[in-house]
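Every number here is computed from the coordinates shown, using simple stated rules; none is lab data. Just so you know, these numbers come straight off a predicted model, no measurement behind them. Using ideal geometry, Cβ is built from the backbone for each residue, glycine included, and neighbour counts are taken over all protein chains shown.
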Amino acid sequence: MPPLLLVENLAIAFGDVTVVRDLSFHVDRGDSLAIIGPNGSGKSVLFKALVGSVPFRGVIEWSPGVRIGYVPQKLDLERDLPITGNDLLVAKRRVVQSDQDVEALATRVGLSDEIHKPIGTLSGGQFQRLLVALALIGAPDVLLLDEYTSGVDVPGQQRLTELVSELRTERGLTVLSISHDLSVVYRSATNVLCLSRDHPCIGPPRKVLTPERLEEIYGAPVEFHVHGT
Amino acid sequence: MALEVTALALSIITASVAGLVGCFAVMRRMTLAADAFSHVALPGIGIALALGIHPLFGATAMLMFGAVIIWALERRTRIATETVIGVVFSTALAVGSLMSSGEQLVDALFGGPGVLTIGELVFGAAAALAIGLFIFTQRNRLILWLVSPEIAKTSGIDVTRLNLIFLMMFALTVALGLRYLGVLLMGSLIIIPAVTAKRLARNLNQMLGYAIGSAILATVVGTVVAHRVHRPTGPIIITASAALFAVSLIRRRR
C-alpha cells in the first residue's frame, strides 16, 4: 500500500535562506509522527509546504483524496474582529459540505458558550481549542498539529491529547504533530522526525530520543522526563 | 422624476454592496490600500475621454488592471504590496489629472451631476448583482481565508483564485460608485461603513448588516441634504458616513 504522504528531496528556501534542505520521509496511514527540532529548524514551514502554501522544490505527494485538518501555531489576527468561533465553525462546515454538529464538536474540545463570542475575546487556550475543533470539521484523515496545546491549561492539554488519541483509535486518523514536549512525544508518537540544520533523522522515539541524538539535534544537552519509567 | 428615483435606487444598491465588500476589505487589512486603489480609475477616465469612449469603461478597465497588479504582487511579498500601492496608484492620480481638463477632473474626482443614462443604469445594476452574489455565495470561503490561508487551503479552497476574484469585485465596486462619488470618495464609502460596523458588531452577520445599514443611511441622508443645500452629493454622503462612524465611537467596547 502506498504511503499516505511521501516527501522526497524537499527543499524550502526564502530568497537566499534555505530553511529545509534535502528532506525525505514518508508517513503511513494511522501513524503518529512527531516533528521535533530547535527554533528556526523549519518545522512550521514544513507544514506550510505540506499544505501547499509556501513554494518548495522536491516531491510532496499526498495519497489521492486525503482530507487534511490543520491547526496552525499562531494566527496573525486583529483582536477586534467581529467573527465568532461559531462563524468559523459554520463557515468551514458549509465549505466542506459536512453535516457535523458544531455545538457537540465544541463540547468535545471543552468549549461551550465561548463559541458565540468574538474570537478576539477568547483566551489563548480557548482559541487553540477552537482551532482544533475547526480542524476536525469534515472528518479529516490526517491532522497537522503545530504545537496545538501551547497556551492551553494542564487539564485542557490532557483533554486535547486524549481527544486526538481517541480519534486515532476510533477513525484510524493519522497525526503529524510539531511538539516541544519530548515526554509527550515519547509516549504518543509512533515515529519521530527531527529537523536540525545538519542532521535530519527519522525513527521510533526509542531510537531518536536518546541523550546523544538530542544533543546533536539541539546543540546542547537535553533532558526530559518519561513518566512511568 | 422617475429617473431620479431610479438613480437613488441604484445608489442605495451601490451603497449596500460597498458596505458588504468593505467588511471583507477591512478585515483583510486593506483600509488604506482601498483608498489609494480607487485613484487608479482616474487615468482610465482620462484615456477613455481622449479616445471618445464612455469614461466608465476606461475606469472599470483600469481598476480591473489594478486588481490584477495587486494580486500578482501579493503573491510575492506583503511589504512590497503596500509600497507599490502607495507609489504606483498615487502616481496614477497624478498622471490621470494631467490627462483630463478642469471640469472633467472635478467630476471624476468628486462625482458628477447630470442624468444617468440607461447604459449606466444597466451596468450599475448588473455589477451590483454580481458583487452581491459573489459575497453571499463566497462569504464562508472568504472568512476562512481571512483567518488563515492554510486552513482555507486544507478546506479545499483555491485561495489564489478567491483572492483574485475578491480584488476584481472590489475594483468593480469602486467603478460602481465613480459616477456619483468620484475617484477620491468611493474608497471611503467602501471603508467607513465597514469600520463603523466592525466597532458595533459581535459576529459576522451583524457586521454585514450594520455595514449595509450605515452605508444606505449615509447615502439617503447625503442625497437628501445635498438636494436641499444644492451642493454635490458625494462629499455630503461621505461626511454623513463619517458622522455615523463618530457615533459608533461613543458606544463602549464589549
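Share of Cα-Cα pairs in the protein assembly as shown beyond 39 Å, in percent? For the protein assembly as shown, the share of Cα pairs beyond 39 Å comes to 34 percent. Its relative contact order, with pairs defined as Cα atoms under 8 Å and 6+ residues apart, puts chain A at 25 percent. A DSSP coil position with no more than 16 other Cβ atoms inside 10 Å describes the following GluC sites (Glu not before Pro) in region A:1-101: A:E78. Among the chymotrypsin sites (Phe, Trp or Tyr not before Pro) in region A:178-224, those located in a DSSP loop and surrounded by at most 15 other Cβ atoms within 10 Å of their own Cβ are A:F224.
Sequence gap of 8 or more, or different chains, plus Cα separation below 14 Å: how many lysine pairs satisfy both in the protein assembly as shown? Within the protein assembly as shown, the lysine pair count is 4. Of all the options B:I191, B:I236, B:I216, the one that moves most in a Gaussian network model of chain B with Cα springs shorter than 10 angstrom is B:I236. Take every pair of alpha-carbon atoms less than 8 Å apart whose residues are at least six positions apart; their mean separation over the length of region A:6-130 yields a relative contact order of 21 percent.
In the protein assembly as shown, helical runs assigned H by DSSP with n ≥ 4 each contribute -39500 (n - 2.57); averaged across all residues and rounded to the nearest 500, the mean residue ellipticity at 222 nm is -19500 deg cm²/dmol. Of the trypsin sites (Lys or Arg not before Pro) found in region A:72-151, those in coil by DSSP whose Cβ has at most 13 other Cβ atoms within 10 Å are A:R79. Ranked by the mean number of other Cβ atoms within 10 Å of their residues, highest first, the peptides B:169-175, A:168-174 come out as B:169-175, A:168-174. Taking amide H positions as modeled 1.01 Å from N, with prolines and chain starts lacking one, the residues under 5 Å from A:I36 and 5 or more places away or on another chain are A:L193, A:C194, A:L195. As a calculated quantity, the FRET efficiency between A:N39 and B:E103 at R0 = 60 Å, using C-beta atoms, amounts to about 0.45.
Can you give me the Cα centroid spacing of region A:52-90 and region A:128-189 in angstrom? About 15 Å separates the Cα centre of region A:52-90 from the one of region A:128-189. Expressed to the nearest 5 percent, the antiparallel share of DSSP beta bridges inside the protein assembly as shown is 50 percent. Look at the alpha carbon pairs under 8 Å that are at least 6 residues apart: their mean separation over the length of region B:2-250 gives a relative contact order of 31 percent.
With a/c under 1.5 counting as rounded, go ahead and sort chain A into rounded, prolate or oblate using the C-alpha gyration tensor (a ≥ b ≥ c being the square roots of the eigenvalues; past the cut-off, prolate if a/b is larger than b/c, else oblate). Because a/c hits 1.5 or more and a/b exceeds b/c, chain A counts as prolate. Taken about its Cα centre, region B:1-144 carries a charge dipole of about 740 debye when Lys and Arg each add +1 at the Cβ and Asp and Glu each add -1 at the Cβ. Note on A:R171 and B:E74: the model spin-label points, each 7 Å out from Cα along the C-beta direction, lie 3.1 nm apart.
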